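Some notes on the structure that comes next.
The values are calculated or read from the model by the stated rules, or taken from the named source; none is laboratory data. Being a predicted model, the structure only gives us computed values, none of them experimental. Cβ coordinates were reconstructed from backbone atoms using ideal geometry, including for glycine residues, and neighbour counts include every protein chain displayed. What goes into the accessible areas is simple: the full protein's heavy atoms, side chains included, and nothing from ligands, DNA or RNA. Shrake-Rupley method; radii C 1.70, N 1.55, O 1.52, S 1.80 Å.
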Amino acid sequence: MPELPEMEAWRRALTDPVSAFPVERAGPAHIATLKTFDPPLQTLEGRRFRGVERRGKRLLFPTEDGELVLLVHLMTAGRLKMLGSGENGPKTPAFRIEFAGGSKLVLTENARKKRAGVWLLTPKAAREELAHLGPEALGLDAAGLAEILRREADRLHPLLRDQRAVAGIGRAWSNEILHAAKLSPYALSTDLTDEEVERLATAMNEELARGLELRERGAGDDRTYRVHNKLGQPCHVCGAPIAQVDFEEHTIYYCPDCQTGGRVLKDRRLSRLLR
């Protein structure tokens, strides 16, 4: 799933082209992708976006007149692309907006299940839709993070992925951040010392900033990730093989030497949680 670095890179890349011309045609949209019907998509036509904003893993396209907000959540397989005038795109995108001048914004989803979503909302409804999100991960300091960690009482990996606690981090960047902080994915948030909280806050900001810089330069996953999806490859810090813990919906990647004192972590299906 695209996370904060990927979504912020898209926001920066799209904000100028989507605001250059008014919307000429809004849609079509796949029935599973469009999540709202009132106001209808056609209400966008003739209006101009004032740019692109981001909240967590969601992109927001507010209209220049302040009356509407197009909200996009890509989920796991959704992808956005800006096509220039005359440039060929997919024949049946999940969602498309055509601009005066011929450019197009298209959302594709190469997956059997269509989970990406598009909402057309009033600004008030958009605020309500996003009200459950926690503070942005990038820029969160140690004091703010400490408050969340003491309040939530959860294992670090699922806590970092909980958008109600911290907005913008998913599976991949949880792996990268915890490795950089030298903390076990299974460590309990309420057990962390002040020094460990400082390390985690520093790692969160440094890793997300590193990811954003690489994504803006067009780096792919192999160059961007140093731990995620690197099973069996040598840790870039100590050289030990990267290990994994499998769950039904996700996989945790970690370095036993750097993060767990050499212990191999087991998932709930095989053993009790080890910290």
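Residue check: is Glu216 of a type in the set (Asp, Glu) and free of Cβ contacts under 8 Å to residues at least 40 places away in the same chain? No: the conditions fail for Glu216.
Looking only at residues of segment 116-147 that are farther than 22 Å from Leu80 by Cβ and surrounded by 19 or more Cβ atoms within 10 Å (Cβ to Cβ), we find that the one that is nearest to the chain's Cα centre (by Cα) is Leu140.
Being touching a Phe, Trp or Tyr at 6+ places or on another chain (Cβ under 6 Å) and among the hydrophobic types (A, V, I, L, M, F, W, C) is not true of Phe95.
In the set (1) in contact with a Phe, Trp or Tyr (Cβ under 9 Å, 6 or more places away or on another chain); (2) within 20 Å of Ala9 (Cα to Cα); (3) exposed (fewer than 15 other Cβ atoms within 10 Å of the Cβ), Val52 fails one condition alone, (3). Filter segment 17-37 down to residues that are of a type in the set (A, V, I, L, M, F, W, C) and outside any loop (DSSP other than H, G, I, E, B) and give me whichever is nearest to His73 (Cα to Cα). Checking each candidate, the answer is Leu34. Looking at segment 256-271, is at least one residue farther than 24 Å from Leu140 by Cβ and of a type in the set (Val, Ile, Thr)? Checked against the condition, which is being farther than 24 Å from Leu140 by Cβ and of a type in the set (Val, Ile, Thr), segment 256-271 yields at least one hit. Can you work out which of the residues in segment 185-202 that are out of contact with any helix residue (DSSP H, G or I) (no Cβ under 8 Å at 6 or more places or on another chain) and acidic (Asp, Glu) is least open to solvent (accessible area, probe 1.4 Å)? Filtering segment 185-202 for residues that are out of contact with any helix residue (DSSP H, G or I) (no Cβ under 8 Å at 6 or more places or on another chain) and acidic (Asp, Glu), the one least open to solvent (accessible area, probe 1.4 Å) comes out as Asp191.
Results for (1) under 14 Å from Ile148 (Cβ atoms); (2) acidic (Asp, Glu); (3) within 17 Å of the chain's Cα centre (by Cα), shown as yes or no for each residue.
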| residue | (1), (2), (3) |
| --- | --- |
| Ala187 | no, no, no |
| Thr190 | yes, no, no |
| Thr193 | no, no, no |
| Val197 | yes, no, no |
| Ala201 | yes, no, no |
| Leu208 | no, no, yes |
| Arg215 | no, no, yes |
| Gly220 | no, no, yes |
| Arg223 | no, no, no |
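Only one entry in Gly46, Gly27 is open to solvent by 20 Å² or more (accessible area, probe 1.4 Å) and out of contact with any Gly (no Cβ under 6 Å at 6 or more places or on another chain), namely Gly46. Asn205 falls short on exactly one of the conditions (1) more than 21 Å from Arg226 (Cα to Cα); (2) out of contact with any Ser or Thr (no Cβ under 9 Å at 6 or more places or on another chain); (3) open to solvent by 10 Å² or more (accessible area, probe 1.4 Å), and that condition is (1).
Just give me the residues in segment 227-244 being closer than 10 Å to His179 by Cβ and open to solvent by 80 Å² or more (accessible area, probe 1.4 Å), in sequence order. If the condition is that a residue be closer than 10 Å to His179 by Cβ and open to solvent by 80 Å² or more (accessible area, probe 1.4 Å), then His236, Val237 are the ones that fit. Suppose we keep only residues that are over 25 Å from Arg54 (Cα atoms) and of a type in the set (Ser, Thr, Tyr) within segment 77-104. Which one would you say is least open to solvent (accessible area, probe 1.4 Å)? Only one residue fits best here, namely Ser85. Just one of (1) of a type outside the set (Gly, Ala, Ser); (2) over 24 Å from Leu133 (Cα atoms); (3) open to solvent by less than 10 Å² (accessible area, probe 1.4 Å); (4) touching a residue at least 24 places away in the same chain (Cβ under 8 Å) fails for Ile169. It is (2).
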